[in-house]
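Asker: Before anything else, here's the structure in question.
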Ligand code: NAD
Ligand code: UDP
């Protein structure tokens, strides 16, 4: 028997891949989105599916729905977008998460919170383990997102302790793949589109900062394993690919794979940009039997193929 599942932020990059998997496994899926960074085109392929509905709604406002599970993803994820209206980003994380936890409490649904590696800030521990409390500037340009997600985690754990809400908390590390927005500002989509369009690849700072990139299908598998673990494992758990690359290495890979003649140019490093990031995924391996399968080269090839088609459209 399928479950009734609410996916907030379901029209976004990760959300649409998650909806696809949930539908394929026979669930009823309600995608809730205000379409800030999400797109109708991301969910168009499900329209007419007998087990799919979508609702235009902002999670800042309460809503009543009868569901068994909530994947709570609604929140802009790219610095360009979460910094566009920082107070609204904070409201999305705080009021939005409280509303969704309230809904889960009322209907006794299990809720998975999509938290982030950003809660570690510019980490002083490397690689990052879940017991590290982080190094976050509370008043910088990234704080609306970082601190918003930190309080969202606090809310999840307080609803769990105080009201016995069945929660799951995942900390997602940089994820990429088809259906990213071209103008989202994230490094993978920026470099690929710049290379395909013959524009300069913009490296911020020296390009020595590192990130660890997880292909979206790997992430979705981890999210579903976490949601459906019946051992009462609440998390938080890191979900990401531990392969660590500098932005210069990423740019070179994109240039090689696209065969582009674009040049690399250097731009100012944004304030508080984390220097290194790499997940320790021992806990996910132990508790969920999960680890990513798709290496960066393979994932990049799939993502480049997607953008090549989009740009030719
Ligand atoms: P995205 O911006 O593509 O998707 C977010 C979705 O939420 C969009 O469809 C957007 O329209 C919707 N949304 C935003 N605010 C909303 C609101 N107030 N009410 C209703 N809908 C709202 O981003 P994504 O990469 O798919 O990220 C999904 C989740 O995963 C986010 O919570 C993000 O913080 C988290 N995450 C993502 C990454 C990553 O690398 N992609 C890394 C860490 C955490
Ligand atoms: N970055 C870059 N060029 C770009 C976009 C981003 O060099 O065109 C850098 C950015 O400064 C950061 C890294 O790439 O060091 C990852 O940026 P992104 O916004 O994708 O994710 P986040 O910083 O949130 O991890």
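Asker: What pairs come up if the first residue lies in region 50-71 and is over 23 Å from residue 88 (Cβ atoms) and assigned to a strand (DSSP E or B), the second is within 16 Å of ligand 1 (Cβ to nearest atom) and modelled with pLDDT of 95 or more, and their beta carbons are under 6 Å apart, counting only those six or more places apart or on different chains?
Answerer: Listed by first residue and then by second, the contacts come to 52/29; 52/46; 53/30; 69/5.
Asker: Could you tell me which residue of region 178-196 is surrounded by the fewest Cβ atoms within 10 Å (Cβ to Cβ), considering only residues that are more than 9 Å from ligand 1 (Cβ to nearest atom) and part of a loop (DSSP other than H, G, I, E, B)?
Answerer: Applying the filter and picking the extreme gives 185.
Asker: Report whether or not residue 26 is more than 14 Å from ligand 1 (Cβ to nearest atom), at positive phi and free of Cβ contacts under 8 Å to residues at least 60 places away in the same chain.
Answerer: On the way: more than 14 Å from ligand 1 (Cβ to nearest atom): yes; at positive phi: yes; free of Cβ contacts under 8 Å to residues at least 60 places away in the same chain: yes.
Judged against the criteria, residue 26 is a match.
Asker: Looking for whichever is within 16 Å of ligand 2 (Cβ to nearest atom) and either touching a residue at least 12 places away in the same chain (Cβ under 8 Å) or not in a helix (DSSP H, G or I) (or both) here; the options are 155, 219. Which one fits?
Answerer: Values: 155 fails: within 16 Å of ligand 2 (Cβ to nearest atom).
Matching residue, one of 155, 219: 219.
Asker: Kindly evaluate residue 78 against the criterion of being at pLDDT 95 or above and either touching a helix residue (DSSP H, G or I) at 6+ places or on another chain (Cβ under 7 Å) or more than 10 Å from ligand 1 (Cβ to nearest atom) (or both). So that I can check it myself, show each step before the final result.
Answerer: Working: at pLDDT 95 or above: no; either touching a helix residue (DSSP H, G or I) at 6+ places or on another chain (Cβ under 7 Å) or more than 10 Å from ligand 1 (Cβ to nearest atom) (or both): yes.
Here the answer is no, as residue 78 does not meet what is asked.
Asker: Within the set of pairs 6 or more residues apart or between chains, which connect a residue that is free of Cβ contacts under 8 Å to residues at least 40 places away in the same chain inside region 267-290 to a residue that is surrounded by fewer than 18 Cβ atoms within 10 Å (Cβ to Cβ) and assigned to a loop (DSSP other than H, G, I, E, B) with Cβ atoms less than 9 Å apart?
Answerer: Within 9 Å, the pairs are 285/291.
Okay, residues lined up against (1) within 16 Å of ligand 2 (Cβ to nearest atom); (2) surrounded by fewer than 16 Cβ atoms within 10 Å (Cβ to Cβ); (3) more than 19 Å from the chain's Cα centre (by Cα); (4) within 24 Å of residue 117 (Cα to Cα):
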| residue | (1), (2), (3), (4) |
| --- | --- |
| 256 | no, yes, yes, no |
| 259 | no, yes, yes, no |
| 270 | yes, yes, yes, yes |
| 276 | yes, no, no, yes |
| 281 | no, no, no, yes |
| 287 | no, yes, yes, yes |
| 298 | no, yes, yes, yes |
| 303 | yes, no, no, yes |
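Asker: For region 188-208: of the residues being within 7 Å of ligand 2 (Cβ to nearest atom) and touching a strand residue (DSSP E or B) at 6+ places or on another chain (Cβ under 7 Å), which is nearest to residue 273 (Cα to Cα)?
Answerer: Looking only at region 188-208, we keep the residues that are within 7 Å of ligand 2 (Cβ to nearest atom), and these are 188, 190-191, 202-205, 207.
Then keep just the ones that are touching a strand residue (DSSP E or B) at 6+ places or on another chain (Cβ under 7 Å); that gives 188, 190-191, 202-204, 207.
Details: 188: 16, 190: 17, 191: 18, 202: 15, 203: 12, 204: 9, 207: 11 Å.
Looking at residues that are within 7 Å of ligand 2 (Cβ to nearest atom) and touching a strand residue (DSSP E or B) at 6+ places or on another chain (Cβ under 7 Å), I get 204.
The values are calculated or read from the model by the stated rules, or taken from the named source; none is laboratory data. Note that the structure is a prediction, hence the values are computed from the model and not measured. So basically every Cβ, Gly included, is an ideal-geometry build from the backbone, and we count neighbours across all protein chains shown.
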